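So the structure is just underneath, and the comments pick up after that.
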Amino acid sequence: MAEVKLLTFVCNWCSYGGADQAGGLKIEYPSGVRLVKVMCSGRVDPQLILQGFRKGADGVLVLGCHPGDCHYKSGNYSAQKRMLLLEPLLAQFGIESDRFQLNWVSAGEGERFGKVVNEMYNKVAALGPLKLTDSAVKEETA
Amino acid sequence: MTDKVGVFLCKCSDNIAARVDIEQLSAELKLEEDVAFVKSHELLCAGHGQEFFEEALKNSDISRVVVAACSPKDHESTFQKCMNHVGKNKFLMQMANIREQCTWVTSENDNAYAKAKALTRAAIRRVKLHEQLVEKEIDCHTEVVVIGGGIAGVESALLASGDGRKVTILEKSPSLGGMVTKLEEAAPNMECAPCMVSPRLSLIDENDNINVITNCDIEEIAGYLGNFEIKVKKRARMVDADACIGCDECIQACPVEVSSAYDYGMSSRKAVDVLFPGCFPNCAVVDTSVCLKTTGGECNACVEACPMEAMDFSQTDEIEVLRCGAVILSTGAEQFDPVELSQYAFDANALENDIYTYSQFARLTSNHGPTGGSVVKQNGEAPKRIAFVHCVGREQLGYCSGSCCEAAFGLGLAAMSGDETTSVVHFVSDVMCGGELGSMLLERVNQKNRTRTVDSDAMWSKVMSGLGSGVQEITQPSFMVRVDNINEVSVTTDNGVSAVRYSVAGKSYGIAADMVVLVTGTQPSKTSTELMRMLDLAATRGGFAAADHPILRPASSSLDGVFLAGSVMGGKNISESIISAKASAGGALSKLVPGRKLSLKSIVAYADEELCSACELCVQVCPYSAAKIDVNRNISVINEVLCQGCGTCVATCPSGAVTARHFTDAQLDAEISEVLHG
Ligand code: SF4
Ligand code: SF4
Ligand code: FES
């Protein structure tokens with residue numbers, strides 16, 4: 001399988017902790033998984049995700065606290081609602097919908113973190129590196 | 001001062017160095033144009049590591065720092081403190097987590113090296129864009145206002161005033177004490193309720209730091225931690241509270257008698273009255289809606305009777321504005337009204353038929369209740385059997401109130417302390433009366449009930465008619481009957497004797513009872529609901545004030561600075577109420593320290609007034625109601641006390657008007673592009 005980059009947004013409270021726990025448990029995952037921390041998954045807007053694709057991500061994963069557990073009460077619900085807007089944007093830029101995922105990992109779920117990133121990574125790897133065709137996307141990359 | 005970045009690489013003994021060649025990484029990073037120096041250390045978080053870190057910074061003119069090491073969850077605060085020690089801004093330090101996210105989870109050394117480099121470079125690019133944030137402090141009020149003077153309010157006020165802090169209790173009714181004052185004995189261990197409450201009220205009376213305002217309504221309340229403003233309407237009492245000695249001469253003289261709401265319509269009171277004997281403040285109050293004098297009639301009886309010349313009909317309602325730093329909401333709850341359900345025969349004749357709610361029934365056990373504390377039927381006779389029907393309203397409310405079972409068993413026990421021939425039977429499905437004390441209470445009810453035999457034949461013959469066919473009569477049940485479906489238990493009444501119908505294991509039964517007590521669920525009180533609306537507090541599904549976090553912050557509301565005490569959060573027994581009251585007071589005390597300012601979060605959002613189109617989307621998504629439209633300027637303004645910095649508004653704003661400090665688009669963009677590079 002090809003080397004790909006999976007940009008993974010993690011919220012400060014749950015999923016960052018989940019990633020730390022995966023580290024503590026030495027759960028292996030591909031080095032192409034690259035994390036960026038935000039305070040809450042609610043901070044991640046479609047533009048940030050597109051930016052990830054433009055800057056070289058072959059897949060983007062957004063991880064937040066489980067529904068009902070967001071440190072800020074409802075940030076992850078806002079994220080979830082907003083992701084509906086993302087699908088048509090991805091289609092517009094010719095990005096397969098499988099290259100994106102929103103998921104939940106709690107601070108105590110190191111194993112789950114490993115499972116989620118590995119599965120997503122494999123899915124993206126199977127699709128291979130992303131070739132952005134839309135010129136608009138490329139323009140903005142400049 | 002250079003804008004270049006000082007980079008520290010930690011080997012974390014071998015945790016990092018075994019996978020990543022730190023010397024090589026250091027050499028490579030030194031070549032980056034933004035980097036002033038790269039220094040590596042065996043164990044940067046250790047005492048000698050921190051000294052090394054501080055020493056390196058002291059001797060350099062760089063202001064921005066990257067620490068590539070473990071998770072910031074472990075040591076961000078350690079290195080932030082070091083930044084502070086050497087006089088540098090802690091927000092100009094960024095950590096790259098090359099241990100948890102890299103060396104511990106990556107199998108190939110080459111891959112780990114490449115990733116560690118990418119993470120560190122991303123941190124370098126990011127920190128270049130960091131702002132020198134200041135940790136703001138604002139003045140705040142340290143006074144506490146307790147709304148609701150029941151036992152929860154009283155206890156939180158006593159604790160909150162402990163360090164000499166000014167506390168004000170606001171109470172709607174004319175006296176403090178709340179629901180507990182209506183009881184004689186408090187479950188689970190059946191202690192004398194007045195004996196518990198009176199000394200607490202005396203402490204309030206003696207405490208110069210506690211100001212009590214009774215007989216008042218809250219007209220407006222708004223604000224946030226450190227800064228609340230409450231507009232209170234003090235209803236005219238028509239009695240000079242300082243002069244009144246609570247002697248009851250006016251009450252004797254008053255010719256107007258109306259039904260007493262305190263006794264749920266089971267007794268009457270006068271137009272001028274005290275709430276109950278020995279109440280605090282022990283001061284009469286005129287109900288201006290029924291007083292002859294205040295409703296246009298002619299009467300001067302109380303004025304003439306008062307030996308202290310305390311009656312003062314020149315009083316008018318007064319408005320007072322209070323400022324405080326924290327609010328403790330202890331406005332209690334209400335009972336579900338069984339009038340809504342026809343199955344319990346709780347109609348206009350209910351009292352006459354000896355069908356009561358358990359709040360009403362509690363008054364019959366109270367020495368200052370309508371029967372002077374004897375549990376008797378409306379005709380004055382002692383009851384033979386009292387049937388308690390539990391879970392009334394549970395289906396309609398949609399939840400188990402959690403506290404009614406215990407109270408009902410307590411009343412069952414109290415009811416048997418009078419006449420030797422009285423027995424009880426509780427109809428239940430689930431029994432929420434646990435713990436050591438709860439179990440002991442159940443056992444006591446059981447023991448006592450066993451000493452009673454009811455000759456119910458006489459009663460039974462009266463209710464036979466109308467029970468329908470296939471109903472088996474039960475004459476001597478145990479103290480507690482678990483029925484198939486508590487929602488289907490029904491009450492019928494005939495010739496002054498009631499019958500409770502229920503089924504067990506699919507079979508229908510009927511039992512005669514000459515008193516029926518409906519154990520009603522707890523629902524949010526109107527006062528609480530209104531205050532929650534004014535403060536924009538989050539509610540539970542049942543409409544109670546929701547805890548900010550049900551496990552971790554059970555006494556904090558969704559608004560910082562507003563604490564919750566007692567059954568404003570849902571049904572609670574007395575000890576649970578007091579626990580939450582103390583937790584609330586503790587929260588208020590620790591958040592607001594006299595002489596200290598309130599430090600604000602630095603990582604918050606702000607809206608750019610040039611870009612904002614006042615679309616209100618941020619207002620809708622903000623979980624803390626921090627974003628509000630300033631109607632005069634027609635822009636969104638984010639309150640930096642309320643904002644918690646989640647950034648949801650940033651992602652929502654269609655105009656790109658909101659920025660989240662420390663997580664700006666530019667900072668994240670820089671991090672994203674670099675983290676994906678290599
Ligand atoms: S979402 Fe943006 S444009 Fe709309 S009101 Fe808020 S700051 Fe203004
Ligand atoms: S950052 Fe979060 S808490 Fe602050 S105003 Fe925006 S949505 Fe509200
Ligand atoms: S803080 Fe984790 S999703 Fe909001």
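Report the local net charge at B:PHE346: Lys and Arg +1, Asp and Glu -1, summed over other residues whose C-beta lies under 10 Å from its C-beta. After counting each charged neighbour, the total is -3. Comparing mean-square fluctuations of A:ALA125, A:ALA91, A:ALA79 from a GNM of chain A with C-alpha springs under 10 Å, the top value falls on A:ALA91. Within the listed set A:PHE53, A:PHE113, A:PHE93, the Gaussian network model of chain A (springs between alpha-carbon atoms below 10 Å) gives the highest mean-square fluctuation for A:PHE93. Relative to the longest principal Cα axis of chain B, at what angle does helix B:109-128 sit, 0 to 90 degrees, rounded to 10? It is inclined by approximately 80 degrees. Here the spin labels are modelled as points 7 Å beyond Cα on the Cα-Cβ line, and at B:MET308 and B:ASN207 they lie 2.3 nm apart.
Computed from the C-beta positions of B:LYS136 and B:ASP163, the FRET efficiency with R₀ = 30 Å rounds to 0.70. Within segment B:352-395, list the residues whose amide N lies under 17 Å from a label point set 7 Å along Cα→Cβ of B:ASP248. From segment B:352-395, the list is B:366-374. Determine which residues of segment B:238-277 fall in the zone a paramagnetic label at B:GLU298 would reach in this model, i.e. backbone nitrogen under 16 Å from the point 7 Å along Cα→Cβ. Only B:255 pass the distance filter.
Ranked by the mean number of other Cβ atoms within 10 Å per residue, highest first, peptides B:226-232, A:83-89 order as B:226-232, A:83-89. Neighbours of B:ALA160, meaning other residues whose beta-carbon lies under 13 angstrom from its beta-carbon, give a summed charge of +1 when Lys and Arg score +1 and Asp and Glu score -1. Working note: 222 nm ellipticity from helices only, DSSP H runs with n ≥ 4, each -39,500 (n - 2.57), summed and divided by the residues of chain B, gives -8000 deg cm²/dmol to the nearest 500. Computed extension length for B:ASP74-B:ASP630: 196.1 nm, one decimal, from 0.36 nm per residue of separation with the Cα-Cα distance subtracted.
Here B:ASP110 and A:LYS115 are evaluated by their C-beta separation; at R0 = 25 Å the FRET efficiency comes out at 0.50. As an exercise, use a Förster radius of 30 Å and the Cβ-Cβ distance of B:VAL290 and B:GLU340 to find the FRET efficiency, rounded to the nearest 0.05. Efficiency, from the Cβ-Cβ distance: 0.65.
Model label sites at B:VAL258 and B:ASP419, defined 7 Å from Cα along the beta-carbon direction, differ in position by 3.4 nm. Packing, as the average of other Cβ atoms within 10 Å across residues, places the peptides B:651-657, B:91-97 in the order B:91-97, B:651-657, highest first. Placing unit charges on each Cβ (+1 for Lys and Arg, -1 for Asp and Glu) gives the protein assembly as shown a dipole about its Cα centre, and among B:CYS649, B:SER156, B:PRO194 the Cα reaching farthest toward its positive end belongs to B:CYS649. Cross-link partners of B:LYS166 among aspartates and glutamates, defined as those whose alpha carbon lies under 12 angstrom from its own and excluding same-chain residues fewer than eight positions apart: B:GLU143, B:ASP208.
The lysine pair count for chain A, using Cα distances under 14 Å and pairs eight or more places apart or on different chains, is 7.
The residue list B:ALA538, B:ILE204, B:THR214 was ranked by how far each Cα lies along the charge dipole of the protein assembly as shown toward its positive end, using unit charges on Cβ atoms, and B:ALA538 comes out on top. One decimal place: the segment B:ASP536-B:LEU129 gains 142.9 nm when fully extended, by the rule 0.36 nm per residue minus the C-alpha distance. Would you mind checking the tilt of helix B:47-58 against the longest principal axis of the Cα atoms of chain B, expressed as 0 to 90 degrees and rounded to 10? Taking Cα atoms only, the helix is inclined about 60 degrees.
Counting only lysines at least 8 places from B:LYS30 when in the same chain, those with an alpha carbon closer than 19 Å to its own are B:LYS4, B:LYS11, B:LYS39, B:LYS115, B:LYS117, B:LYS128.
The lysines within cross-link reach of B:LYS270, meaning a Cα-to-Cα straight distance under 28 Å and a gap of 8 or more places when in the same chain, are B:LYS172, B:LYS182, B:LYS233, B:LYS234, B:LYS293, B:LYS377, B:LYS526. Subtracting the Cα-Cα distance of B:LYS507 and B:GLN24 from 0.36 nm times their residue separation leaves 165.5 nm of extension gain.
Placing +1 on the Cβ of every Lys and Arg and -1 on the Cβ of every Asp and Glu, with nothing else charged, gives segment B:66-115 a dipole about its Cα centre of roughly 320 debye.
Return the single residue from A:SER97, A:SER31, A:SER106 with maximal mean-square fluctuation; model: Gaussian network over chain A, springs between Cα atoms under 10 Å. So, out of A:SER97, A:SER31, A:SER106, the one fluctuating most is A:SER31. For chain B, the longest principal axis of the C-alpha atoms and the axis of helix B:72-85 are separated by about 70°. Entry note, chain A: the mean residue ellipticity at 222 nm calculated from DSSP H runs of n ≥ 4, each adding -39500 (n - 2.57), is -13500 deg cm²/dmol after division by the residues and rounding to the nearest 500. Can you tell me how segment B:196-303 classifies by the Cα gyration tensor, rounded, prolate or oblate, using a/c under 1.5 as the rounded cut? Judged from the Cα gyration tensor, segment B:196-303 comes out prolate (a/c at least 1.5, a/b above b/c). Dipole of the protein assembly as shown computed with +1 at Lys/Arg Cβ and -1 at Asp/Glu Cβ about the Cα centre; of A:CYS40, B:VAL134, B:SER71, farthest Cα towards the positive end is B:SER71.
The numbers here are math on the coordinates, done by the rules we state, and not lab data. Every value quoted in this text rests on a predicted model; they were computed, and no experiment measured them. Glycine gets a Cβ as well: all are built from the backbone with ideal geometry, and neighbour counts include every protein chain shown.
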